[in-house]
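The values are calculated or read from the model by the stated rules, or taken from the named source; none is laboratory data. It should be emphasised that the depicted structure is a prediction, and the values quoted were computed from it without experimental measurement. Cβ sites come from the backbone with ideal geometry, for glycine too, and all protein chains shown count toward neighbours. Accessible surface areas use protein heavy atoms only, side chains included; no ligands, DNA or RNA. Shrake-Rupley method; radii C 1.70, N 1.55, O 1.52, S 1.80 Å.
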Amino acid sequence: MRKILLAVSAIVLVAAADKPPATSLRIAAVTPTAGPCAPLDATAAPGEKAYYDHLAKRLDVKVLKCPVADQAAAAAALAAGSLDMALLDPVSFAPVAATTRAILTIRPEGGLNRIPVVVAAPAAGPVKRLEDLRGKTLAFGGSMPAARALPSRVLAERGFGVDVLKAEVAAADAADALDKLRSGEADAIVLHAAAWQRLCMPDDPKAKPLCSDLKVLLKARPQAAQAIVVRKDIANETRYRLIGIHMPMHLENRAAFTWASSWTPKAAEFEPTEALALVATR
């Protein structure tokens, strides 16, 4: 009972410390002419109006359009506290990564989710860190896009394209790749997180891990090309509600979704994302 009371007290304290939700939401809009934040005017496109109205209704706040010259200007305004939300790319996000965070990306139709990728090598072997993969042989967990194309992209974003690797061992699936790693045919294994979980993480948390002989060199998602970004000091309630409003938007308000997702060709749906989605972390 005492543990439960302490946990509840901690939650109450965190909630109390959080900022109250704002009475307005200021959204960056890249336009030919920068200007002050203001409500949409009569010239707004139908889809844009549908999006702003959708957010205003769900959040019960005023939603304002804030014209900026480009994404770099949007990032600077976010960091300065004069904006609440903006669409950024990796270049514009980098200078403000300490004070802002990504919250949403888009999955295109037929595209993969941004599945985490795991790179691992024998713990007793010579490969101790990601940099040691140069000139080494890798085993991927199959030939399907999630097993081959997506992990290759994650490695390439971190400087480990085919030009710096020695070779690739053909494997039928994740289990076969793991066998080839343990037989010495490969120096490291590259799997998407679901395959790693299935092969290496026992259902019983008390059981010995099945891959205790391996060392994880990297666990990362592919870098997002663009993401919706907010300030880190935005109220938690506002941030969570923004995510919850955008995720089903393709089902609830198609006009709003089409306009809001127009930066991604053939957009399928919004997806919640990690704070550093725009950074190729190691």
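Tabulated values for the structure
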quantity: Cα-projected label distance for GLU109 with LEU251, points at 7 Å along beta-carbon direction, nm; calculated: 1.9 nm
quantity: Heavy-atom surface of segment 190-276, accessible at 1.4 Å and reported per residue (Å²); calculated: 52 Å²
quantity: Cα gyration tensor shape of segment 15-119, rounded if a/c is under 1.5, else prolate or oblate by comparing a/b with b/c; calculated: rounded
quantity: Computed E for SER183/ALA22 - FRET, C-beta separation, R0 45 angstrom, nearest 0.05; calculated: 0.20
quantity: Longest to shortest principal axis, alpha-carbon extents of segment 235-278, angstrom; calculated: 28, 24, 12
quantity: log10 of Debye I(q)/I(0), alpha-carbon scatterers only, for segment 157-281 at 0.13, 0.15, 0.18 Å⁻¹; calculated: -0.81, -0.94, -1.05
quantity: Which of ILE243, ILE189 is most accessible, then next, and so on - probe 1.4 Å; calculated: ILE243, ILE189
quantity: Residue among HIS246, CYS211, PRO265 farthest towards the positive dipole end of segment 205-282, charges placed on Cβ; calculated: CYS211
quantity: For segment 119-134 and segment 189-251, distance of Cα centres in Å; calculated: 22 Å
quantity: Antiparallel %, DSSP beta bridges [both residues in the chain], to 5; calculated: 65 percent
quantity: Nearest-20 debye value, segment 206-257 charge dipole, Cβ charges on Lys, Arg, Asp, Glu; calculated: 260 debye
quantity: Global geometry of the chain, whether rounded, prolate or oblate, following the gyration tensor of its Cα atoms and the 1.5 cut on a/c; calculated: prolate
quantity: Apportionment of accessible area to carbon and sulfur, segment 114-206, percent (1.4 Å); calculated: 55 percent
quantity: Chain lengthening between GLU131 and GLU168 when straightened (0.36 nm per residue, less Cα-Cα); calculated: 11.6 nm
quantity: Segment 24-176, accessible area per residue, ligands and nucleic acids excluded (1.4 Å, Å²); calculated: 46 Å²
quantity: Nonlocal Lys pairs with alpha-carbon distance under 26 Å, segment 35-182 (8 or more apart, or different chains); calculated: 10
quantity: Nearest-10 value in Å² for the accessible area of ARG107, using the 1.4 Å probe; calculated: 50 Å²
quantity: The chain, helix-only ellipticity at 222 nm - DSSP H runs n ≥ 4, -39,500 (n - 2.57), divided by all residues, nearest 500; calculated: -9500 deg cm²/dmol
quantity: Cα gyration tensor shape for segment 40-194, rounded if a/c is under 1.5, else prolate or oblate; calculated: prolate
quantity: On Cα atoms only, tilt of 46-59 relative to the major axis of the chain in degrees; calculated: 90 degrees
quantity: Net charge dipole size for segment 132-282 [Lys, Arg +1 and Asp, Glu -1 on Cβ; Debye, nearest 20]; calculated: 340 debye
